[in-house]
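Novice: I have a structure I would like to understand better, so I am pasting it below and will then ask my questions one at a time.
The values are calculated or read from the model by the stated rules, or taken from the named source; none is laboratory data. Since the model is a prediction, treat every value here as computed from it, not as a measurement. When we count neighbours, we look across all protein chains shown, and the Cβ atoms used for this are built from the backbone with ideal geometry, even at glycine. Remember, those area values only see protein heavy atoms, side chains included, never the ligands or the DNA or RNA. Shrake-Rupley method; radii C 1.70, N 1.55, O 1.52, S 1.80 Å.
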Amino acid sequence: MKKIFAKIHLWLSLPLGILFSVICLTGAILVFENETLQLLNPSADVSSMGKHAPERKELVGYDFFRSTLRFHRWLLDAPAQKGERSVGKEIVGYSTLAMTLVLISGIVIWWPRNRKVLKNRLTLSCSKGSRRFWYDSHVSIGFYATLFLLIMCFTGLVWSFSWWREAFWSLFDFIPSEERKRFLYTLHTGSWGGMLTKIIYFLTALIGATLPLTGYYLWWKRR
């Protein structure tokens, strides 16, 4: 069974790893959008502005974050109208779905068999050579980040596929429809728990951006 998941992990990661990194890196940048805009515009009350408020467009740094968002969600190929499809939106959607499978397969492949292995899985070794360091950078750090990365994937897919959206909201049908958009946004961006969860999401997204790179390195060394 692990061999099957190992093949899934490898053959999805090799062609799509760079896309995983781009999606995660742009997501990390967007976590502290409001805080950064506030620093750049000290006289403005950024927190009171809606995401699409006209006055927000006058802020220093606004264009940068809009471009980052377009990269994150559509690879700069935004749909002509809200709700429509585009090539960029399709690529991001299917890449996020593939990343979900890669994360789950990674859990299966490296799930520890006992406490000793668990300790090794959760430890980053810096004294056993470069190969072991990069291996731990991929596996051990990946273990810490996987849960939050899966949350980001599960919530991000709601914007990509109607069939996923219906399944997702069937699990959260206790949430009133008028509150669902905010619930989804806060869960996806980490703002649901204040500054602490934002920092966790930011670091997790950065880790997510590095995992394909360390994975490429390990694959190349094996070759």
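Novice: For the range 80-119, name all the residues that are exposed (fewer than 13 other Cβ atoms within 10 Å of the Cβ) and either within 16 Å of the chain's Cα centre (by Cα) or not hydrophobic (A, V, I, L, M, F, W, C) (or both).
Specialist: Result: Gln81, Lys82, Gly83, Glu84, Arg85, Arg113, Asn114, Arg115, Lys116, Lys119.
Novice: Follow-up. Return the residues of the range 120-141 that are within 15 Å of Trp219 (Cα to Cα), within 25 Å of the chain's Cα centre (by Cα) and of a type outside the set (Val, Ile, Thr); say none if nothing qualifies. It would help to see each step written out before you state the result.
Specialist: First pass over the range 120-141, keeping only residues within 15 Å of Trp219 (Cα to Cα): 130-139.
Subset that is within 25 Å of the chain's Cα centre (by Cα): 133-139.
Selection gives Phe133, Trp134, Tyr135, Asp136, Ser137, His138.
Novice: In the range 194-217, which residues are open to solvent by less than 40 Å² (accessible area, probe 1.4 Å) and out of contact with any helix residue (DSSP H, G or I) (no Cβ under 6 Å at 6 or more places or on another chain)?
Specialist: Listed by number, the residues that qualify are Gly194, Thr197.
Novice: Output the number of residues of the range 16-47 satisfying the condition of being open to solvent by 60 Å² or more (accessible area, probe 1.4 Å), over 23 Å from the mean Cα position of the chain (by Cα) and touching a residue at least 12 places away in the same chain (Cβ under 8 Å).
Specialist: So the count comes out to 2.
Novice: Can you name the number of the only condition in (1) touching a residue at least 24 places away in the same chain (Cβ under 8 Å); (2) surrounded by 13 or more Cβ atoms within 10 Å (Cβ to Cβ) that Asp77 fails?
Specialist: (1)
Novice: Here is a further query. Kindly indicate the residue of the range 169-211 that is in a loop (DSSP other than H, G, I, E, B) and without any contact (Cβ under 8 Å) to a residue 24 or more places away in the chain and also nearest to Thr155 (Cα to Cα) among those meeting that condition. Full working, then the answer.
Specialist: The first filter runs over the range 169-211 and keeps only residues in a loop (DSSP other than H, G, I, E, B), leaving 172-176, 190, 194.
If we keep only those that are without any contact (Cβ under 8 Å) to a residue 24 or more places away in the chain as well, we get 172-176, 194.
On the way: Phe172: 12, Asp173: 15, Phe174: 17, Ile175: 15, Pro176: 17, Gly194: 18 Å.
For the range 169-211, the residue satisfying everything is Phe172.
Novice: Now for a different question. Here are some residues: Tyr217, Tyr201. Which one is out of contact with any strand residue (DSSP E or B) (no Cβ under 9 Å at 6 or more places or on another chain) and modelled with pLDDT of 95 or more? Full working, then the answer.
Specialist: On the way: Tyr217 fails: modelled with pLDDT of 95 or more.
From the options Tyr217, Tyr201, the qualifying one is Tyr201.
Novice: With respect to Phe133, determine if the residue is at pLDDT 95 or above, among the hydrophobic types (A, V, I, L, M, F, W, C) and either assigned to a helix (DSSP H, G or I) or more than 14 Å from Gly106 (Cβ to Cβ) (or both). Steps first, please.
Specialist: Working: at pLDDT 95 or above: no; among the hydrophobic types (A, V, I, L, M, F, W, C): yes; either assigned to a helix (DSSP H, G or I) or more than 14 Å from Gly106 (Cβ to Cβ) (or both): yes.
When the stated conditions are applied, Phe133 does not pass them.
Novice: Across the range 126-168, what is the total count of residues that are touching a residue at least 40 places away in the same chain (Cβ under 8 Å) and open to solvent by 70 Å² or more (accessible area, probe 1.4 Å)?
Specialist: Qualifying residue count, the range 126-168: 6.
Novice: Within the set of pairs 6 or more residues apart or between chains, which connect a residue that is without any contact (Cβ under 8 Å) to a residue 24 or more places away in the chain and under 21 Å from Lys3 (Cα atoms) inside the range 100-125 to a residue that is hydrophobic (A, V, I, L, M, F, W, C) and open to solvent by less than 40 Å² (accessible area, probe 1.4 Å) with Cβ atoms less than 8 Å apart?
Specialist: Pairs found: Arg121/Val139.
Novice: Do we have Gly129 as closer than 25 Å to Leu19 by Cα and small (Gly, Ala, Ser) here?
Specialist: Details: closer than 25 Å to Leu19 by Cα: no; small (Gly, Ala, Ser): yes.
Here the answer is no, as Gly129 does not meet what is asked.
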